[in-house]
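Below: one structure, written as structure tokens.
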């Protein structure tokens, strides 16, 4: 928070509108398995940042791209809540809050010992759907970090080929949830790159 406050101070001194400057400053927080402590930490950080920004008397432009439908901040928990660690379900339960989603980048890396088709990862996705709902979990690749172990295609193909997930759950997990959460309207068709995709 101190760095954010200092950055906001310097940006406003340089003549940048405080509302615009505050909107562009992002924070990353570590999450552990103590569910209620993590909720308290996020709530305290949100309140503290709002108080800091309020001191600069920003004008509201009503166009924050990180706000959900109810103008609340959106949050994605990465690496599927570190699914191979004890207590990971507590992090998944954070997605029961309206604007929180779970992103699965790195899930194949976490289940690298069992390797493709990552059956344990699919079971974890199933459990997360049961805990938070099918609209709350999103695919992520953790690419290019995983390029040394698997291909890009393998990072999503294990979900497509799974018989443990319904077709609707696969569609939501592999794209629709992210499209809705990140408010993606115009997606560009990327070129096929043989060595990367196979």
Looking for something in a helix (DSSP H, G or I), closer than 19 Å to residue 77 by Cβ and modelled with pLDDT of 95 or more - is there at least one such residue anywhere in the stretch 91-107? no
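Are any of the residues in the stretch 36-51 in contact with a helix residue (DSSP H, G or I) (Cβ under 8 Å, 6 or more places away or on another chain), surrounded by 11 or more Cβ atoms within 10 Å (Cβ to Cβ), closer than 21 Å to residue 74 by Cα and touching a residue at least 60 places away in the same chain (Cβ under 8 Å)? Give the derivation first.
If we filter the stretch 36-51 for residues that are in contact with a helix residue (DSSP H, G or I) (Cβ under 8 Å, 6 or more places away or on another chain), which is where we start, we get 38-39, 49.
If we keep only those that are surrounded by 11 or more Cβ atoms within 10 Å (Cβ to Cβ) as well, we get 38-39, 49.
Of the ones still in play, those that are also closer than 21 Å to residue 74 by Cα are 38-39, 49.
Restricting the remaining residues to those that are touching a residue at least 60 places away in the same chain (Cβ under 8 Å) gives none.
No, there is no match, as no residue in the stretch 36-51 is in contact with a helix residue (DSSP H, G or I) (Cβ under 8 Å, 6 or more places away or on another chain), surrounded by 11 or more Cβ atoms within 10 Å (Cβ to Cβ), closer than 21 Å to residue 74 by Cα and touching a residue at least 60 places away in the same chain (Cβ under 8 Å).
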Restricted to the stretch 130-178 and to residues being touching a strand residue (DSSP E or B) at 6+ places or on another chain (Cβ under 6 Å) and assigned to a helix (DSSP H, G or I), the residue modelled with the lowest pLDDT is 178
Could you say whether any residue in the stretch 118-133 is more than 28 Å from residue 73 (Cβ to Cβ), touching a residue at least 40 places away in the same chain (Cβ under 8 Å) and exposed (fewer than 14 other Cβ atoms within 10 Å of the Cβ)? no
Condition first: within 21 Å of residue 96 (Cβ to Cβ), surrounded by fewer than 13 Cβ atoms within 10 Å (Cβ to Cβ) and over 20 Å from the mean Cα position of the chain (by Cα). Can you find one or more residues in the stretch 167-180 that meet it? yes
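Table: residues versus (1) closer than 27 Å to residue 82 by Cβ; (2) assigned to a helix (DSSP H, G or I); (3) at pLDDT 85 or above; (4) touching a strand residue (DSSP E or B) at 6+ places or on another chain (Cβ under 7 Å).
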residue: 7; (1), (2), (3), (4): no, yes, yes, no
residue: 16; (1), (2), (3), (4): no, no, yes, no
residue: 19; (1), (2), (3), (4): no, yes, no, no
residue: 27; (1), (2), (3), (4): yes, no, no, no
residue: 30; (1), (2), (3), (4): yes, no, no, no
residue: 33; (1), (2), (3), (4): yes, no, no, no
residue: 41; (1), (2), (3), (4): yes, yes, yes, no
residue: 45; (1), (2), (3), (4): yes, yes, yes, no
residue: 49; (1), (2), (3), (4): yes, yes, yes, no
Which numbered condition trips up residue 2, out of (1) modelled with pLDDT under 85; (2) surrounded by 11 or more Cβ atoms within 10 Å (Cβ to Cβ); (3) under 30 Å from residue 106 (Cβ atoms)? (2)
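Going through the stretch 59-90 one residue at a time, which ones are loosely packed, with under 11 Cβ neighbours inside 10 Å and at pLDDT below 85? Can you show your working first?
From the stretch 59-90, those loosely packed, with under 11 Cβ neighbours inside 10 Å are 59-63, 65, 69-71, 86; that's our starting set.
Those that are loosely packed, with under 11 Cβ neighbours inside 10 Å and at pLDDT below 85: 59, 60, 61, 62, 63, 65, 69, 70, 71.
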If you go through 116, 56, the only one that is assigned to a loop (DSSP other than H, G, I, E, B) and either in contact with a strand residue (DSSP E or B) (Cβ under 8 Å, 6 or more places away or on another chain) or at pLDDT 90 or above (or both) is 116
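The values are calculated or read from the model by the stated rules, or taken from the named source; none is laboratory data. Computed from a predicted structure; not experimentally measured. Quick reminder, even Gly has a Cβ in these numbers, built from the backbone with ideal geometry, and neighbours come from all protein chains shown.
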